[in-house]
Amino acid sequence: MIKRILLILPVVIAVVLVFLVNNTVNADFRFQQPTISIPTVTGTPQGAMVYVDLFQEDPVNVRSGPGVFYDEIGILLPGESAPALGRSAGGDWILISYVGVESGTGWVYSPLVTLSGGELSIVEPPPSPTPETTATIDATLAAQFLTTPAATNLPTYTAAPPQTMPNYVDEVSSGISQHIPIGLIILIIGGLGVLIAVISFITER
């Protein structure tokens, strides 16, 4: 039995070696590089893009036109991007491709986004939206606050009559008829009264 096994073993080994050699050749043939040139696939440039900063807290409003008086039609979330199609005349607003609305486009405020990819051409903005209601003024109510001021005469200034300054002339009498000052008369009378009082007091003693 052992002899038979020893005789069969070399045959089995030879068959295994032949099988391995055939697989190696097929593998080499299968992975052989072609000798012709392979065309290189290149991506199409994306063009200008706008990006919203990933760390920005608030989303960016997308409007139907370049201005806050246009309607809001959507938003761009932080980290989101969109193709840029044009800009307003002043460059404050950028027209982007915005899927999901009827026009397929929208406008974003340029200071809130980052633009990359080249220059943008100026795009004519859409017509300004018509206000839903027109403000009207009630003529009857307004008439209550309209008053016509009555004409009044302006005050007139009348000049005061000229004042006449009195002229004081010292009166000097000559001779015996000289005016005695009133103060001196009062002193003389007072002195006489005192003198009489003293004499009366002495005589009573």
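The values are calculated or read from the model by the stated rules, or taken from the named source; none is laboratory data. This is a predicted model, so every value here is computed, not measured. As a convention, Cβ positions derive from the backbone with ideal geometry for all residues, glycine included, and neighbour counts pool all protein chains shown.
Tyr109 passes all but one of (1) over 14 Å from Val123 (Cβ atoms); (2) over 20 Å from the mean Cα position of the chain (by Cα); (3) of a type in the set (Ser, Thr, Tyr); which number fails? All conditions are met except number (2). Determine if region 180-193 includes at least one residue that is out of contact with any His (no Cβ under 9 Å at 6 or more places or on another chain), of a type in the set (A, V, I, L, M, F, W, C), at pLDDT below 75 and surrounded by fewer than 10 Cβ atoms within 10 Å (Cβ to Cβ). Yes: one or more hits. Checked against (1) part of a loop (DSSP other than H, G, I, E, B); (2) in contact with a Leu (Cβ under 9 Å, 6 or more places away or on another chain); (3) on the phi < 0 side of the Ramachandran plot, Gly79 passes all but a single condition, namely (3).
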